[in-house]
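The values are calculated or read from the model by the stated rules, or taken from the named source; none is laboratory data. Not measured: the values here are computed from a predicted model. Because the Cβ atoms are built from the backbone with ideal geometry, glycine has one as well, and the counts that use them run over all protein chains shown.
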Amino acid sequence: MRWLVVGVVVATAGCGVMPSAETRATEAARDKAQRVGNVLYTRQVRTAEDIGRRAAGLDGVDVMRVSGARTHEGRGVGLVIRVEGAASEGWPIPDEITVKRCFGLRISPHREWDETPGRVRCPAGEPLTFAPPPKDPEIPAERLEEVLPRVPAGGTVDEAKVRAAVTKLRLDPAVHTEFGSRDGVVGLRLWFRPRASEALDCVLARVAPGRTSVWTPSRIQRMPGEGGCDLGNAF
């Protein structure tokens, strides 16, 4: 009998203590919050409202607090999110334990990918709500092609007339315009940075004797660092 007791003690010591269902549910919630942080991860400049709105649109995520102004200012944008986690306990018919936990996230260029979020006290009150984002402006490529001057072969392109044609479009103030002249050709660049896309919205135009062209560079050319929307591409 003494050997049996010793064997049971040794076996129990080797197995360790199984974490409680609540602890495992909390860790499941932390894993979910970590995935949320990865979804929100960005190197682009985003406002606190943009980040909060995007987080609130994710399934099972309550945004309880937002701090900061922009991802690239100060310490970036801080979030407190509330998520659920679940774990089972009991045998042979286990019960599922579900908990709601809050975690802090910080979205900035200095945040590491797959960073483990820390648990925080849940703020009192209801989750935050966000108004729909303002619509991005549109660059009227077809209208631009209609109003740009056509210069016959052998003629001279007047940059002032190209500028005047673009002015008639009454573009949204958010759309940036850039003009340039080179070797008798006028190049034009219209662009803005959409709120929900990494790629620029961009239209290039080239007015030359004998031909006027308007086109949109491919998406990969409009991605950050690619330079496919530079004015030089219009020439």
**Report entry** Single unsatisfied condition, Thr129 versus (1) farther than 20 Å from Arg70 by Cβ; (2) hydroxyl-bearing (Ser, Thr, Tyr); (3) surrounded by 10 or more Cβ atoms within 10 Å (Cβ to Cβ)
**Finding:** (3)
Query raised in the report: Any idea which residue in the stretch 199-221 is surrounded by the fewest Cβ atoms within 10 Å (Cβ to Cβ), counting only those that are under 19 Å from Gly180 (Cβ atoms) and of a type in the set (Lys, Arg)?
Result: Arg211
Query raised in the report: Does the stretch 125-134 contain any residue that is more than 23 Å from Gly37 (Cβ to Cβ), over 25 Å from the mean Cα position of the chain (by Cα) and part of a loop (DSSP other than H, G, I, E, B)?
Result: no
Report summary line: Considering the stretch 31-63, residues that are at pLDDT below 95 and among the basic types (Lys, Arg), and then whichever is farthest from Ala199 (Cα to Cα), we arrive at Arg53
**Report entry** Scope the stretch 135-155; condition under 20 Å from Val214 (Cβ atoms) and either assigned to a loop (DSSP other than H, G, I, E, B) or in contact with a Gly (Cβ under 7 Å, 6 or more places away or on another chain) (or both); matching residues
**Finding:** Asp136, Pro137, Glu138, Ile139, Pro140, Leu148, Pro149, Arg150, Val151, Pro152, Ala153, Gly155
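Would the stretch 135-147 turn up any residue that is modelled with pLDDT under 90 and either surrounded by fewer than 13 Cβ atoms within 10 Å (Cβ to Cβ) or among the β-branched types (Val, Ile, Thr) (or both)? Let's see the steps before the verdict.
If we filter the stretch 135-147 for residues that are modelled with pLDDT under 90, which is where we start, we get 135-138.
Filter once more, so that each one left must be either surrounded by fewer than 13 Cβ atoms within 10 Å (Cβ to Cβ) or among the β-branched types (Val, Ile, Thr) (or both): 135, 138.
Yes: one or more hits.
Within the stretch 99-124, restricting attention to residues that are not hydrophobic (A, V, I, L, M, F, W, C) and not in a loop (DSSP other than H, G, I, E, B), which residue is surrounded by the fewest Cβ atoms within 10 Å (Cβ to Cβ)? Full working, then the answer.
At the first step, the residues of the stretch 99-124 found to be not hydrophobic (A, V, I, L, M, F, W, C) are 100-101, 104, 106, 108-112, 114-119, 121, 123.
With not in a loop (DSSP other than H, G, I, E, B) added as a condition, the list becomes 100-101, 104, 106, 118-119.
Details: Lys100: 13, Arg101: 20, Gly104: 17, Arg106: 19, Gly118: 11, Arg119: 13.
Out of the qualifying residues, it is Gly118.
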